[in-house]
Amino acid sequence: LVWIPQVPPLEPREDGPLEGAYPDGADPKQAKVYGEPVPCLLLPYESARFLVIFFHSNAEDLGKCRWFCHFMRDQFQVHVLAVEYPGYGVCSGPPTREGVIANAHAALQFAMQALKLPLEQIMLFGRSIGTGPALQLASRFKVGGVVLVTPFLTVRQ
């Protein structure tokens, strides 16, 4: 992963707290790594067939990407689950490659177990450094699709 130190945590947008409405009691706090909850933003869309797991860019957190996640949910009529990285926003721990990958796996497990979605109904969307965890999951799981926006070619480039 390409890693650039992040600016201090961003505040949630003016339009309210980060929590979404969770279908059938499925609370993103159930996504855990080593027993610790992984901060996620779940934005359900009534009658959606697909879920997009969104991995944000550098110098961004759940508060800053919330508007885009709402737009994506409404525009494409999909559920959206945005995942936070260690050391970003409200997620504790140092920002490491291993921590990001662990949070990505926890989000995918949450989607399959708590939301009861099959892999073919889960899409991965990564932007900038978020393309790293999206591709890591896609290399191990046969998901319904992958979208990469401004991916990096190598760590050096």
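Descriptive notes on the structure:
- Odd one out for residue 148 among (1) among the aliphatic types (A, V, I, L, M); (2) touching a Ser or Thr at 6+ places or on another chain (Cβ under 9 Å); (3) under 19 Å from residue 84 (Cβ atoms): (3)
- The residue list 97, 49, 73, 66 contains one member that is within 20 Å of residue 152 (Cα to Cα) and out of contact with any Asp or Glu (no Cβ under 6 Å at 6 or more places or on another chain), which is 97.
- Qualifying residues in the stretch 47-86 (those that are under 20 Å from residue 110 (Cβ atoms), of a type in the set (D, E, K, R) and without any contact (Cβ under 8 Å) to a residue 60 or more places away in the chain) - the one surrounded by the fewest Cβ atoms within 10 Å (Cβ to Cβ): 73
- Some residue of the stretch 94-115 being in a loop (DSSP other than H, G, I, E, B), touching a Phe, Trp or Tyr at 6+ places or on another chain (Cβ under 9 Å), at pLDDT 95 or above and buried (at least 17 other Cβ atoms within 10 Å of the Cβ): no
- Of 134, 82, all but one fail to be under 23 Å from residue 36 (Cα atoms), of a type in the set (Gly, Ala, Ser) and touching a helix residue (DSSP H, G or I) at 6+ places or on another chain (Cβ under 7 Å); the exception is 82.
- Of the residues 135, 124, the single one that is without any contact (Cβ under 8 Å) to a residue 40 or more places away in the chain, of a type outside the set (Phe, Trp, Tyr) and closer than 17 Å to residue 150 by Cβ is 135.
The values are calculated or read from the model by the stated rules, or taken from the named source; none is laboratory data. This one's a predicted model, so the numbers in the text were calculated from it and none came from an experiment. Here Cβ is always computed from backbone atoms with ideal geometry, including for glycine, and neighbour counts include all displayed protein chains.
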